[in-house]
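**Student:** I am attaching a structure below and will ask some questions about it afterwards.
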Amino acid sequence: MKAIVVLSLLLVLMGCSGGLNSKDEPISPNATNSTNELKQPIGIETTDVTFNDFIVPSEYQLKRNLSHSDIDATYRLYEFEVGNSLQEIEDWIRSESSRLGGEIMERYTFDTKSEESMDLIVLLPSKVGTRIISTYTPRYMDKKHLVIEETLIKQPRTIDQNYEDHALVIYTPTENGLIKESFKGNYYHQHTDIFSVYFYTQAFFQELIEVNKYNLELKYDMTKDELDYTVGYFDKEGNEMDPYDITDENRDEFTFGIQLKKDFLPRDETQRELILFNWAKTVLIGDKADSRVYEGSEKVNFLSAGKVFKSFTLYELVT
C-alpha cells in the first residue's frame, strides 16, 4: 500500500469572518439597506471611465495585468510594486477618482490607523451596468504592492461598504518549466484556514487539469466528489484532529496541512517539484483581496508519512 502523503502548510490565512461552511456568493444584483452606499444616477447621461483613464505614477512598476469574465461580470487585475507611503497612494487614488467623476467609499475593512492597509471601493461612471475598482495593499517583505481589481457588473447594482470581490491568482507550471498565471475575479473564499486551502487547492487543480490539460488523475471537485485529499490538522501518524481541539498549549503537536489519500503526484521529480511549488504559491499568496503583511518566513512544508520531504518559504516563492 502506498504511503500516505501529507502536504503540510505552515501559514496563516487571514480574511473576513464567517462560518466554516460558508462560501463567497457570485456577483448578482442585490439591494442593500445601508445608508452608506454608492449608486449610479438613473436617467443621467454618463461616460465610460475605466482604470486605464487613471494617470499612474511613473515609478509604479506593473507586475501583472490579468483579465477574467463570467456570466455576471468582467474583471481585470492590476498589481503594482510601489515605493510610496500608504498615504501617498491613498491621496493618488482619491485625486484621480475625483478627477474622473468617481465616487469613493471606504470598505468595512478600511482602518484609518493602519500603516499597511488601504481598502477602498471606487464607483466609476459607466454607460452600462456598474463599474467599480477595489484597492488592496499587501506587502511582501520590504516590497509594498498595490492591487487594483476593476469589475464591470453587467447589471446595475447598488454597492455599499460591505461589498466583497475576491481576486485569486493561480500559478501553474507549463511544459517548458515556466509559471503560468491565471486569474479568477470573484472566486469562492472563506476566511478560515481549512476552507481557504480547500478552495484555493480546487482552483489550482481546475486550472492545471481542465484548462492546461495536464495529465493528472485525482478527485478535487468539492461539489461532486469525495476528494483525494483532506485539509486539516494532523498528528505525527497522519490522524486528522478536530480543529476545535487545537489549543495554544498543544498546537505544536499537530501539523496543519493537506493530507493526500493517495499519491497522485507525477513520478518525474522535475514535474513533481513544479506542481508542489506552484500549488504552494497559489495557496500561500494567490489571494489578492487582502492587505496583509507577508514577513517572508511563512512556510509550506510537504510531508510523507509525517516526515517533511520538501518545503518552501514565502521568500523562496516570490524571489
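The values are calculated or read from the model by the stated rules, or taken from the named source; none is laboratory data. Owing to the predicted nature of the structure, the values given are computational and were not obtained by experimental measurement. Please note: Cβ atoms are built from the backbone with ideal geometry, for glycine as well, and neighbour counts cover all protein chains shown.
**Student:** Among the residues of the range 262-270, is there at least one that is of a type in the set (Val, Ile, Thr), crowded, with 19+ Cβ neighbours inside 10 Å and touching a residue at least 40 places away in the same chain (Cβ under 8 Å)?
**Tutor:** no
**Student:** Output the number of the condition that Ser85 fails; it satisfies all remaining conditions of (1) within 21 Å of the chain's Cα centre (by Cα); (2) modelled with pLDDT under 95.
**Tutor:** Of (1) within 21 Å of the chain's Cα centre (by Cα); (2) modelled with pLDDT under 95, only one is false for Ser85: (1).
**Student:** While we're looking at this one, here's another question. Is at least one residue of the range 191-199 assigned to a loop (DSSP other than H, G, I, E, B), within 22 Å of Lys299 (Cβ to Cβ) and not hydrophobic (A, V, I, L, M, F, W, C)? Talk me through it step by step, then tell me what you get.
**Tutor:** First, the residues of the range 191-199 that are assigned to a loop (DSSP other than H, G, I, E, B): 191-192.
Then drop every residue that is not within 22 Å of Lys299 (Cβ to Cβ), which leaves 191-192.
In the following step, the residues that additionally are not hydrophobic (A, V, I, L, M, F, W, C) were identified as 191-192.
Yes, because at least one residue in the range 191-199 is assigned to a loop (DSSP other than H, G, I, E, B), within 22 Å of Lys299 (Cβ to Cβ) and not hydrophobic (A, V, I, L, M, F, W, C).
**Student:** Select from the range 259-316 the residues that are out of contact with any Leu (no Cβ under 9 Å at 6 or more places or on another chain) and of a type in the set (A, V, I, L, M, F, W, C) and list them in ascending order.
**Tutor:** Once the filter is applied, which keeps residues that are out of contact with any Leu (no Cβ under 9 Å at 6 or more places or on another chain) and of a type in the set (A, V, I, L, M, F, W, C), the range 259-316 yields Leu274, Val293, Ala305, Val308.
**Student:** So which residues in the range 179-229 are surrounded by fewer than 17 Cβ atoms within 10 Å (Cβ to Cβ) and of a type in the set (Ser, Thr, Tyr)?
**Tutor:** Thr223
**Student:** Taking Val56, is it under 29 Å from His189 (Cα atoms), modelled with pLDDT of 55 or more, assigned to a loop (DSSP other than H, G, I, E, B) and not basic (Lys, Arg)?
**Tutor:** Here the answer is no, as Val56 does not meet what is asked.
**Student:** So the check is Cβ under 6 Å with 6+ separation or different chains; which pairs have a first residue in the range 146-159 that's of a type in the set (Ser, Thr, Tyr) and a second one that's at pLDDT 90 or above?
**Tutor:** Once the first residue is of a type in the set (Ser, Thr, Tyr) and sits in the range 146-159, its partners that are at pLDDT 90 or above give Thr151/Ala73; Thr151/Tyr75; Thr151/Ile132.
**Student:** Given the conditions (1) modelled with pLDDT of 80 or more; (2) under 30 Å from Ser196 (Cβ atoms); (3) acidic (Asp, Glu), report the number of the one that Asp111 does not fulfil.
**Tutor:** Checking Asp111 against (1) modelled with pLDDT of 80 or more; (2) under 30 Å from Ser196 (Cβ atoms); (3) acidic (Asp, Glu), the one that fails is (1).
This table checks each residue for (1) more than 25 Å from the chain's Cα centre (by Cα); (2) modelled with pLDDT under 85; (3) not in a loop (DSSP other than H, G, I, E, B).
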{"residue": "Leu62", "(1), (2), (3)": "no, no, yes"}
{"residue": "Ile71", "(1), (2), (3)": "no, no, no"}
{"residue": "Glu90", "(1), (2), (3)": "no, no, yes"}
{"residue": "Ser98", "(1), (2), (3)": "yes, no, yes"}
{"residue": "Met105", "(1), (2), (3)": "no, no, yes"}
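**Student:** Just one of (1) in contact with a Phe, Trp or Tyr (Cβ under 8 Å, 6 or more places away or on another chain); (2) in the same structural domain as Phe51 (by TED's automatic domain parsing) trips up Lys180, so point out which.
**Tutor:** Lys180 satisfies every listed condition except (2).
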